[in-house]
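Colleague: One structure, pasted below without further comment.
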């Protein structure tokens, strides 16, 4: 027993040393790293790891304020094409009037876009643009599909709308390409998205690629884009329930999953050994990139897929124990929007509305809307689990 225990410890130490060696030999300051990659590539595709995560948005706000290498566009997955005129009006306004952005946050597949990090990002871009020539100012572009709530009246209508999202990744790809002019003008952009949309080329058991937004770029425009993940907890899927009902646009209701640290926390231990300093690490031909793939396509992924098949690089900002979730901004919860929310709730919950309200302790929809409209402060990342020894 003692022999087996020591052997296991030596194996873990060696793997930890391998990770640490990669950090020391290939790791770079994240701001410098992004600047360098913008010199080499036209579009940096960024996986924020978790939409509520605070740190990726703080990083890019600091990046923009630092007068680092400028970009022409910031593309946002979670912001919809339908509200582009409001985004442009805000950024072109001579006075920073965030009320112009109310429709931007109201337009969503469910009950509005919650995260204060987005409001901070919009505000930061406005600030930075004041010191730039009009021809050099940064534009924020919403690339998500629109949803026309006025045309949805039942849960069945909503289900049909969700089926239209099967081409969502191609929609975002085409929308970005329309601004990037097929990468012919040398313009630079950053696409901030969530996990699966950032994947380069994960393949299924039939050896066919999942056509994520990042995959369209990777396969059809080699050498033009670079995919980066911010280090955080990651979804490990254990099974899929194809009989689940009332599925959201995220689709998590179908999944049995848990949030885990990669390699049982060895990545975190390696960053700790490096003093927990912010660092960007490329994934090509090293211990990090060779780690077996973990993520949204695990249910039927091709054996042998790795994290490098998903991303080009990883950025570590701080220990996961120190990471936070964004506050929920509610500036856009106007009286008119509260009435619209009642309509959306009836559509999404359908025949289950009464039981939904009952299960959540509400007597009627208006009480639930009042609860939704409450401000929520930022909080410690609730998904973080201790590292097992």
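The values are calculated or read from the model by the stated rules, or taken from the named source; none is laboratory data. Bear in mind that the values here come from a model prediction, so they are computed numbers and not experimental data. Here Cβ is always computed from backbone atoms with ideal geometry, including for glycine, and neighbour counts include all displayed protein chains.
Colleague: Within segment 292-302, which residues are in contact (Cβ under 8 Å) with a residue 24 or more places away in the chain and surrounded by fewer than 18 Cβ atoms within 10 Å (Cβ to Cβ)?
Modeller: Answer for segment 292-302, where residues must be in contact (Cβ under 8 Å) with a residue 24 or more places away in the chain and surrounded by fewer than 18 Cβ atoms within 10 Å (Cβ to Cβ): 299, 300, 302.
Colleague: Please give the strands (runs of 3 or more DSSP E) falling wholly within segment 217-260 in which 3 or more residues are at pLDDT 80 or above and over 30 Å from residue 155 (Cβ atoms).
Modeller: The strands (runs of 3 or more DSSP E) meeting that bar are 225-230.
Colleague: For residues that are in contact with a helix residue (DSSP H, G or I) (Cβ under 9 Å, 6 or more places away or on another chain), farther than 15 Å from residue 73 by Cβ and touching a residue at least 24 places away in the same chain (Cβ under 8 Å), tally how many sit in segment 160-191.
Modeller: 5
To keep it simple, each residue is scored yes or no on (1) surrounded by fewer than 21 Cβ atoms within 10 Å (Cβ to Cβ); (2) within 21 Å of the chain's Cα centre (by Cα); (3) part of a loop (DSSP other than H, G, I, E, B).
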{"position": "267", "(1), (2), (3)": "no, yes, no"}
{"position": "276", "(1), (2), (3)": "yes, no, yes"}
{"position": "285", "(1), (2), (3)": "yes, no, yes"}
{"position": "288", "(1), (2), (3)": "no, yes, yes"}
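Here is a yes/no grid of residues against (1) touching a helix residue (DSSP H, G or I) at 6+ places or on another chain (Cβ under 9 Å); (2) more than 19 Å from residue 102 (Cα to Cα):
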residue	(1), (2)
329	yes, no
345	yes, yes
348	yes, yes
351	yes, yes
357	yes, yes
369	yes, no
374	no, no
386	yes, yes
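Colleague: Tell me, yes or no, whether segment 36-47 has at least one residue that is in the same structural domain as residue 200 (by TED's automatic domain parsing), part of a loop (DSSP other than H, G, I, E, B), modelled with pLDDT of 95 or more and under 24 Å from residue 134 (Cβ atoms).
Modeller: yes
Colleague: Here's a follow-up. Can you pull out the helices (runs of 4 or more DSSP H) entirely within segment 125-216 that have at least 3 residues that are at pLDDT 95 or above?
Modeller: Details: elements: 155-163, 168-180, 195-198.
The qualifying helices (runs of 4 or more DSSP H) are 155-163, 168-180.
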